[in-house]
1. Considering only segment 273-305, how many residues are closer than 16 Å to Lys239 by Cβ and exposed (fewer than 13 other Cβ atoms within 10 Å of the Cβ)?
2. Please go through segment 251-303 and pick out each residue that is of a type outside the set (S, T, N, Q) and outside any helix (DSSP H, G or I).
3. Of these, Thr101, Thr112, which one is at pLDDT 75 or above and of a type in the set (S, T, N, Q)?
4. Tally the residues that are over 20 Å from Leu123 (Cα atoms) and assigned to a helix (DSSP H, G or I), restricting the search to segment 182-227.
5. Out of the residues in segment 241-265 meeting the condition of being crowded, with 20+ Cβ neighbours inside 10 Å and of a type in the set (Phe, Trp, Tyr), tell me which one is nearest to Phe222 (Cα to Cα).
6. Out of curiosity, is Tyr260 among the aromatic types (Phe, Trp, Tyr) and within 18 Å of Val209 (Cα to Cα)?
Amino acid sequence: MKVLSHLPVNPFQSWRIGLLSWVVVFSGCATEPNLTDIQKQLQLLTIQQEATQKHEQQARERLGTIESQLDEHDFLVGELIKTEEEASLDTRHLLEKLERTSNMLREQIEQTRMTTQRRDQDLSIRVKALESRLDNMVHQPRSTPVEGISPGAPSSNSGNGATTTDLNKPVDPPAAPNTENEASAFRSAYKVYLNGNYERASVEFQRFVKHYPDTTLTPQAFYYLGESQYFQKQYDPAKQTLEHVVTSYPNNKYRISALYKLGQLMLETDQRTKAQEFWNRVIQEFPESPEATHAKEQLKKSGLS
């Protein structure tokens, strides 16, 4: 009985407890050799039990390892899904940023192109002014002495005591058109336009076309007057001014610029069909021009192509 009190009892040993009870009951009537065999069998069973318990412990350890691996796998899967979602979000943000950067670069390129064009036009104005001055100097008529009067001969006075005058004095040439003042007036208005003071530029360009209604710079002055009005959102006057450039100066290079600007004005005032008509005219009449390329881009961007 003392041996039984030290044996562990678990569900796997129920059959062993029955066997030991049988041994105790019949030990009194068993012979000494038989008792020794029973003790040996009992020791063997104890060893088998310990081996079974060891296998059970190993199985529990393997099960724990597998569960730990499963937990780690689930964690890694969760982290992978989270990383994919974050990567997808970062990609969208990167694409949006790239799109904004691309739009900003396009605007900067367009502004640079417009600024370069304005500078080129300003240089062209200055060259024209210098050419006009040079032409006036070359073709300025030279003074000649009055026929029948020798150089240095004084004239007789009229007898009233008036002093004599030198008839060999150079005669002033007839007044020529003041192209220098014309170029200066245009240059002054154009500088105001380049500085972004469109209200004052409108006033100066209006003064120019009033004072110089029929010069080589008049079509250009009308165009920049229309642009100044456009930038002030004075759409009706701007439309009339730009249409005047188109109809009154069909062979002038600013006609194409006026057509393109009219397309922008029509789109700005929600007249999409009119905008499409003006831009198509630019493409048809001036297919190789930079304005035609911009018109195609505007049609595509506005969904009018």
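1. 1
2. Pass one, segment 251-303, residues of a type outside the set (S, T, N, Q): 253-256, 258-263, 265-268, 270, 272, 274-275, 277-279, 281-283, 285-288, 290-292, 294-297, 299-301, 303.
Selection gives Lys253, Asp270, Phe286, Pro287, Glu288, Gly303.
3. Values: Thr112 fails: at pLDDT 75 or above.
Residue meeting the stated conditions: Thr101.
4. Number satisfying all stated conditions: 11.
5. Tyr254
6. Working: among the aromatic types (Phe, Trp, Tyr): yes; within 18 Å of Val209 (Cα to Cα): no.
The answer is no for Tyr260.
The values are calculated or read from the model by the stated rules, or taken from the named source; none is laboratory data. On a predicted model such as this, the values are computed, not experimentally measured, just so you know. Ideal geometry is used to build each Cβ from the backbone, glycine not excepted, and the neighbour counts take in all protein chains shown.
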